1. Given points 7 Å out from each Cα along the Cα-Cβ axis, report the H13 to A74 separation in nanometres with one decimal.
2. Which whole-Hz couplings ³J(HN,Hα) result when phi for each residue of region 81-88 is put into the Karplus expression 6.51 cos²θ - 1.76 cosθ + 1.60, θ = phi - 60°, listed in order with x for Gly and Pro?
3. Can you figure out the FRET efficiency of R26 with Q81, using R₀ = 30 Å and their beta-carbon distance, to the nearest 0.05?
4. So who's got an amide H within less than 5 Å of the one on G10, skipping anything under 5 residues away but keeping other chains? H placed 1.01 Å off N, in plane.
5. So which lysines pass the test for K75, namely a Cα distance under 26 Å, with those fewer than 8 places away in the same chain ruled out?
6. Run the simple label-point estimate for N101 and E46 please: 7 Å along Cα→C-beta, distance reported in nm.
7. Which whole-number value in Å² is the accessible area per residue of the chain, probe 1.4 Å?
8. Please compute the net charge surrounding A49, taking Lys and Arg as +1 and Asp and Glu as -1 over other residues with Cβ under 14 Å from its Cβ.
Amino acid sequence: QVQLVESGGGLVHPGGSLRLSCEVSRTIFSIYTMAWYRQAPGKQRELVASITGKGSTGYVDTAKGRFAISRDNAKNTVYLQMNSLIPEDTAVYYCNTPLGNPWAWGQGTQVTVSS
């Protein structure tokens, strides 16, 4: 069973930055497209950014120019660098594969943007 462990969240002031990490275990990580999702209180989970096994990336409009997704296939890890954070980015952030059936969701990592 694939396990997803997200980390790197925290409390940050508006304009600040965070780097999230997601370690993926028990699968051939490099062949999978990976994505970061977020779920704000009272809202549905939304896809924020994705990256193919070969490194092609895609972003939701609200993340373009501020977030950068990357991966290290040797470490089975996907990252999300988040800059210029705004209060609307406050959410629990998760990683998963966006293609086919998702794996069991991890616990996520809380990001809170507040002054």
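The values are calculated or read from the model by the stated rules, or taken from the named source; none is laboratory data. The structure presented is a predicted model; accordingly, all values stated were derived computationally and were not measured. Glycine also receives a Cβ, built like all others from the backbone with ideal geometry; neighbour counts cover every protein chain displayed. When the accessible area is computed, the model is the full protein with side chains, heavy atoms only, and any ligands, DNA or RNA have been set aside. Shrake-Rupley method; radii C 1.70, N 1.55, O 1.52, S 1.80 Å.
1. 3.7
2. 8, 10, 10, 6, 5, 10, x, 5
3. 0.70
4. Correct list: V111, T112.
5. Partners within reach: K54, K64.
6. Simple spin-label model gives 2.9 nm for this pair.
7. Working: 6060 Å² over 115 residues.
In whole numbers, the chain has 53 Å² accessible per residue.
8. Net charge around A49: +2.
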